[in-house]
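The values are calculated or read from the model by the stated rules, or taken from the named source; none is laboratory data. Every value quoted in this text rests on a predicted model; they were computed, and no experiment measured them. A quick note on method: Cβ atoms are made from the backbone with ideal geometry, for glycine too, and the neighbour counts reach across all protein chains shown. The protein model used for the area step is the full one, side chains on, heavy atoms only, and it has no ligands, DNA or RNA in it. Shrake-Rupley method; radii C 1.70, N 1.55, O 1.52, S 1.80 Å.
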Amino acid sequence: MSEETQSGLTNSPRFVSNLTKNTLALVLAGGRGSRLGPLTDWRAKPAVPFGGKFRIIDFCLSNCMNSGIRRIGVLTQYKAHSLIRHLQLGWGFPRGEFNEFIEILPAQQRMNTGWYKGTADAIFQNIDILRAHRPRYVIVLAGDHIYKMDYGQMLAEHVQNQADMSVACIEVPLEEAKGFGVMTVNHEDRITGFSEKPSDPTPTPNNPDRVLASMGIYIFNTDFLYEQLIRDADSRESGHDFGNDLIPYMVPRYRVMAHRFRHSCIPSNEGKISRCYWRDVGTVDAYWAANIDLVHVTPDLDLYDSRWPIWTYQEQLPPAKFVFDDEGRRGMAIDSIVSGGCIISGATVRRSLLFSNVRVNDGHTLIEDSVILPNVRLGEGSRLRKVVVDKGAIIPDGLVVGEDPAEDARRFYRTPKGVTLITPELLGQQLHFVR
């Protein structure tokens with residue numbers, strides 16, 4: 001036990017800083033995210049744009065930087081080109097002379113002749129790289145969630161609990177439990193049971209309508225992680241996945257602790273811990289809702305908090321522009337977010353989020369309750385309601401979406417909650433750039 005732990009100084013800034021400097025973060029960013037439908041046909045889920053100028057992966061990487069963790073490996077696999085390009089363009093600022101880095105770790109068949117078979121196997125196949133960096137702790141992160149979290153606080157709690165492994169957790173409604181790893185804990189928050197995506201989940205003792213769910217964030221003592229990865233790799237019965245295999249094996253045998261998200265989240269408004277924000281934008285409906293929430297007067301996710309900035313690739317673009325002020329031909333956006341490079345020409349945008357370089361042409365064009373990704377062109381007289389338009393799509397003049405559900409479903413990808421996804425391919429257009 002360290003001197004700081006013995007003296008109760010585990011929350012001191014110096015102690016936390018020492019922990020983060022001795023930690024290596026591994027971001028699992030190889031998944032497709034098939035529930036997002038055509039939105040991930042040409043990109044991995046962590047590379048999907050979010051919030052007007054970001055990519056989903058920017059949130060966990062920014063959490064690392066803001067927490068003081070400056071040694072990061074990003075494990076890629078599925079259609080990783082746009083993700084790798086984004087990392088190269090926007091995440092080249094860590095300084096190598098200070099032992100800071102973001103390394104891209106694609107499936108290289110380093111330990112065997114196969115691709116990554118599961119989350120644990122992805123890390124096992126890079127175990128030689130981990131050993132070369134010699135971290136004291138390893139934090140494993142999912143690269144496909146939207147949240148703000150101080151990993152340093154979770155590390156301090158991990159050390160204070162003398163844990164072999166810690167799992168970040170959050171309470172979610174019982175009806176959503178089938179999409180998560182669900183755990184039960186004792187009085188000291190030691191995990192006593194863990195089930196991945198159970199059909200009959202166990203609710204929390206104090207609230208029968210909620211469960212304690214894994215956020216896909218794990219901290220390991222490094223030597224312990226090596227032992228478990230090697231043991232699991234030798235097992236022919238294992239699927240080599242943390243949630244399905246390693247955690248259920250470790251829970252009854254080792255000290256595996258739950259870390260409550262409320263202890264380390266960065267709240268939207270200072271002092272209001274109840275506003276901790278975490279979203280799995282794994283469906284088109286959830287993706288649309290999380291983006292549209294940002295245009296509200298007081299959104300659940302605060303992107304304007306300079307204390308905890310979200311870093312990304314800053315493309316050099318001119319300011320947004322609104323032109324024409326004639327009656328019946330006025331370029332305007334109301335209750336909306338409009339990013340750099342956009343031109344709204346004699347059209348109306350309401351309750352919508354426009355990413356970079358979107359052009360909305362005049363002719364009574366109307367955009368409502370919609371998420372428009374970068375480089376989209378909207379033709380004259382088009383009317384779009386409750387849509388997501390993928391990057392680079394060219395909306396034809398006069399196209400109407402969001403008024404006839406049957407017609408929308410016939411032509412495009414329509415969700416159970418009435419969101420229509422439009423991609424260049426669904427419009428019969430060819431892709432001319434990297435997504």
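Whether a residue is open to solvent by less than 70 Å² (accessible area, probe 1.4 Å), within 24 Å of the chain's Cα centre (by Cα) and under 25 Å from Leu294 (Cα atoms) was assessed, and Ser382 does not pass this test.
Tell me the residue from Trp278, Trp288, Trp311 that is touching a His at 6+ places or on another chain (Cβ under 7 Å) and aromatic (Phe, Trp, Tyr), please. Even if it seems obvious, please write down each step before you answer.
On the way: Trp288 fails: touching a His at 6+ places or on another chain (Cβ under 7 Å); Trp311 fails: touching a His at 6+ places or on another chain (Cβ under 7 Å).
Just one listed residue meets the conditions, Trp278.
Reported count of residues in the stretch 349-358, each being crowded, with 19+ Cβ neighbours inside 10 Å and either free of Cβ contacts under 8 Å to residues at least 24 places away in the same chain or not in a loop (DSSP other than H, G, I, E, B) (or both), is 4. Of the listed requirements (1) open to solvent by less than 70 Å² (accessible area, probe 1.4 Å); (2) modelled with pLDDT of 95 or more, Ser235 misses just one: (2). Where residues in the stretch 1-33 are closer than 30 Å to Ser82 by Cα and modelled with pLDDT under 90, which of them is surrounded by the fewest Cβ atoms within 10 Å (Cβ to Cβ)? Taking the candidates together, the pick is Arg32. Taken residue by residue, the stretch 189-205 has no member that is in contact with a helix residue (DSSP H, G or I) (Cβ under 6 Å, 6 or more places away or on another chain) and either closer than 16 Å to Leu19 by Cβ or open to solvent by less than 10 Å² (accessible area, probe 1.4 Å) (or both).
For the stretch 387-402, the tally of residues that are surrounded by 22 or more Cβ atoms within 10 Å (Cβ to Cβ), assigned to a loop (DSSP other than H, G, I, E, B) and touching a helix residue (DSSP H, G or I) at 6+ places or on another chain (Cβ under 8 Å) stands at 1. Looking across the stretch 377-427, the residues that are in contact (Cβ under 8 Å) with a residue 12 or more places away in the chain, touching a strand residue (DSSP E or B) at 6+ places or on another chain (Cβ under 6 Å) and not aliphatic (A, V, I, L, M) come down to Arg377, Gly379, Ser382, Arg383, Arg385, Gly402, Asp408, Phe412, Tyr413, Thr420.
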